[in-house]
There are 2 protein chains.
Amino acid sequence: MSEQTRMPAGRPSKGERTRARILAAAAELFAASGFHAVSLRDIAAHAGLTHAGLLHHFPGKDSLLIEVLDHRDREDAEVLSQVAPREHPEEFLRGVVRVVHRNMRTPGPVGLYARISTEAADPDHPAHAYFVRRYELLRAGLTEAFTALAARTGAPPGHDPALTAQTLVAVMDGLQTQWLLAPAAIDMHAAVVAFFARIGLDFRDVPPLPDRRSGSEPSSASTTSAEADT
Amino acid sequence: MSEQTRMPAGRPSKGERTRARILAAAAELFAASGFHAVSLRDIAAHAGLTHAGLLHHFPGKDSLLIEVLDHRDREDAEVLSQVAPREHPEEFLRGVVRVVHRNMRTPGPVGLYARISTEAADPDHPAHAYFVRRYELLRAGLTEAFTALAARTGAPPGHDPALTAQTLVAVMDGLQTQWLLAPAAIDMHAAVVAFFARIGLDFRDVPPLPDRRSGSEPSSASTTSAEADT
DNA sequence: GTCTATACTCGGATAGAC
DNA sequence: GTCTATCCGAGTATAGAC
């Protein structure tokens, strides 16, 4: 799914630059208007070529979507994969809070993600396998963190790390839905901090994340420890 | 948005019966394959007419969608509106658990709802206002219930009923996303019961809801107390 | 290897005949 | 109230210019 994504580092060829332009245009337009509402002709025009020319670089609209998702994914992975959930669970969970905080500055990509993740419930959807795997990894990483945390601090009797992980993911996703519909009424960051407080973690002091630098490739997105083997 | 939805009660005219047939076909096909994957020609054929004939009864595909959602909404409202959140908060919350439980038997409509609710983040979406209002009402009802409950049982110091309501809604929505992607891995009912347990409510014994009777109009869906004034 | 031109099929939507 | 005919724009595929 994400092979051949290492940076050429040297001088990018003309085709590679065109590809990057297309990807940037797709990300922007998808984020602004969603997947179905945007046509290949729109994206192509935005990137300065015809839709047939675009199809020389990408086999179809679906693959374009997946590559856009994959790219954004690596940006979050940059934050979360700095620290292994098993060894430094608190730090890992702090990273989650920081991502949520930053998400409140980027409704476009957040909306895109929310939209596609629900569309992808259909097994025939091009991004289905992508999201199944993504959620598995997310839950696995959080479960590891909660397990390590419970072992360290002494777990309450009925505590279930996997259930907590699943619920935390649900809270973050569900908050996005409400926030996207009524941004002024929902404070995702505060709600997630409150959720952590309910399970005994005080994350009120977690510092915000710097603004995402605009449209550049991640400098080093090699192996992400968040993608550890289950 | 939902005017002219009272039952004519007398003998339905031919047009009304056709309308009902179209609506039933749309609900079935949307639930089975989603919104975008189903064409007006599919729905029309399923209802026994051409797509142009269908468009005589509904101005467009969007309005068809909204009416389908509205219809399903009233069915859930039947459960939740039996009891006022302020007077009988436990019963009201029990109703929520029962709806979640029943949802696990109907992935089609649940998926449709999840999809549309994220698409509707776009202010230009035909269902935008619908979902904004729906979430406001949901949160308002739950906030009332949690407030009444806190007043009765003695509230913990830092307890915020509105925040709890918002988080519960998020949990239910987010669980749906994960469940739709991997039904075998997620038990929405158990997770919601666990969430209630975390805030001190034992809902393990809530009885399931009977199966939805197939394709008939609600017998009396007049005023829903869940739609009380905010 | 990069791109344009063109065409095919299917979608939603409209106009007007019956 | 329903149909036929038609329009426009979507995703996709192919041929061929450079």
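The values are calculated or read from the model by the stated rules, or taken from the named source; none is laboratory data. As the structure is a computational prediction, the values presented were derived from the model and not from experiment. Glycine also receives a Cβ, built like all others from the backbone with ideal geometry; neighbour counts cover every protein chain displayed. Accessible surface areas use protein heavy atoms only, side chains included; no ligands, DNA or RNA. Shrake-Rupley method; radii C 1.70, N 1.55, O 1.52, S 1.80 Å.
Structure values in brief
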{"item": "The range A:98-113, subset buried (at least 20 other Cβ atoms within 10 Å of the Cβ) and among the β-branched types (Val, Ile, Thr), residue nearest to the other protein chains (Cβ to nearest Cβ)", "result": "A:VAL110"}
{"item": "Within the range A:26-47, considering residues that are within 13 Å of DNA strand C (Cβ to nearest atom) and under 26 Å from the mean Cα position of the chain (by Cα), the one nearest to the other protein chains (Cβ to nearest Cβ)", "result": "A:HIS36"}
{"item": "Selection count where residues are farther than 17 Å from B:ILE66 by Cα and either away from DNA strand C (no atom under 16 Å from the Cβ) or modelled with pLDDT under 55 (or both), scope the range B:3-18", "result": "9"}
{"item": "Given (1) open to solvent by 70 Å² or more (accessible area, probe 1.4 Å); (2) assigned to a loop (DSSP other than H, G, I, E, B); (3) within 12 Å of DNA strand D (Cβ to nearest atom), index of the condition B:ARG86 fails", "result": "(3)"}
{"item": "Some residue of the range B:50-60 being modelled with pLDDT under 90 and β-branched (Val, Ile, Thr)", "result": "no"}
{"item": "Checklist (1) away from chain A (no Cβ under 14 Å); (2) farther than 23 Å from B:PRO208 by Cβ; (3) surrounded by 15 or more Cβ atoms within 10 Å (Cβ to Cβ) applied to B:THR50, failing item", "result": "(3)"}
{"item": "Pairs, first touching a residue at least 12 places away in the same chain (Cβ under 8 Å) in the range B:188-213, second part of a loop (DSSP other than H, G, I, E, B) and of a type in the set (Phe, Trp, Tyr), C-beta under 6 Å, six or more apart", "result": "B:VAL193/B:PHE203; B:PHE196/B:PHE203"}
{"item": "Residues satisfying the stated conditions in the range B:39-79, i.e. β-branched (Val, Ile, Thr) and within 16 Å of DNA strand D (Cβ to nearest atom)", "result": "B:ILE43, B:THR50"}
{"item": "Of all residues making up the range A:24-47, the number that are open to solvent by 40 Å² or more (accessible area, probe 1.4 Å), outside any helix (DSSP H, G or I) and under 15 Å from A:GLU67 (Cα atoms)", "result": "0"}
{"item": "From the options B:LEU64, B:LEU55, residue that is open to solvent by 30 Å² or more (accessible area, probe 1.4 Å) and either within 16 Å of DNA strand C (Cβ to nearest atom) or in a helix (DSSP H, G or I) (or both)", "result": "B:LEU55"}
{"item": "Lone qualifier among A:PHE35, A:PHE92 - being within 12 Å of DNA strand D (Cβ to nearest atom) and hydrophobic (A, V, I, L, M, F, W, C)", "result": "A:PHE35"}
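Rundown of residues vs (1) in contact with a Gly (Cβ under 6 Å, 6 or more places away or on another chain); (2) part of a helix (DSSP H, G or I); (3) within 9 Å of another protein chain (Cβ to nearest Cβ); (4) of a type in the set (Gly, Ala, Ser), yes/no style:
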| position | (1), (2), (3), (4) |
| --- | --- |
| B:ARG115 | no, yes, yes, no |
| B:VAL132 | no, yes, yes, no |
| B:THR147 | no, yes, no, no |
| B:ARG152 | no, yes, no, no |
| B:PRO156 | no, no, no, no |
| B:ALA170 | yes, yes, yes, yes |
| B:ASP173 | yes, yes, yes, no |
| B:GLN178 | no, yes, yes, no |
